[in-house]
């Protein structure tokens, strides 16, 4: 298994992984919502506030996790794991 932090070149594959996984477990509506969330996280979160880790097996994306920075005003408050 290989691991990567490069999400920009695989953004659509990552979106599809989360959308299809949540569709299979929670239904089409939830899958679409999670897919949209992942797409927005990639597109709208400043690069310094986003860490994405993916797992690949035989060149196939098999897992991923997002961490985003949380702030309270101008004070760093921690992080959030999504989706």
Selection from segment 51-83 of residues without any contact (Cβ under 8 Å) to a residue 24 or more places away in the chain and closer than 29 Å to residue 24 by Cβ yields 58, 59, 60, 65, 67, 79, 80, 81
Q) Taking residue 11, is it outside any strand (DSSP E or B) and under 10 Å from the mean Cα position of the chain (by Cα)? A) yes
**Message:** Given the criteria more than 14 Å from residue 7 (Cβ to Cβ) and in a strand (DSSP E or B), does residue 77 qualify?
**Reply:** yes
Of the candidates 28, 19, 32, the one satisfying the condition of being out of contact with any helix residue (DSSP H, G or I) (no Cβ under 7 Å at 6 or more places or on another chain) and either surrounded by fewer than 15 Cβ atoms within 10 Å (Cβ to Cβ) or without any contact (Cβ under 8 Å) to a residue 24 or more places away in the chain (or both) is 28
Filter segment 35-47 for residues that are touching a strand residue (DSSP E or B) at 6+ places or on another chain (Cβ under 8 Å) and buried (at least 18 other Cβ atoms within 10 Å of the Cβ); the one that is farthest from residue 71 (Cα to Cα) is 38
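Laboratory data are not the source of any read-out in this text; all were calculated from the coordinates shown. Remember, predicted model here, so these are calculated numbers, not experimental data. Ideal geometry is used to build each Cβ from the backbone, glycine not excepted, and the neighbour counts take in all protein chains shown.
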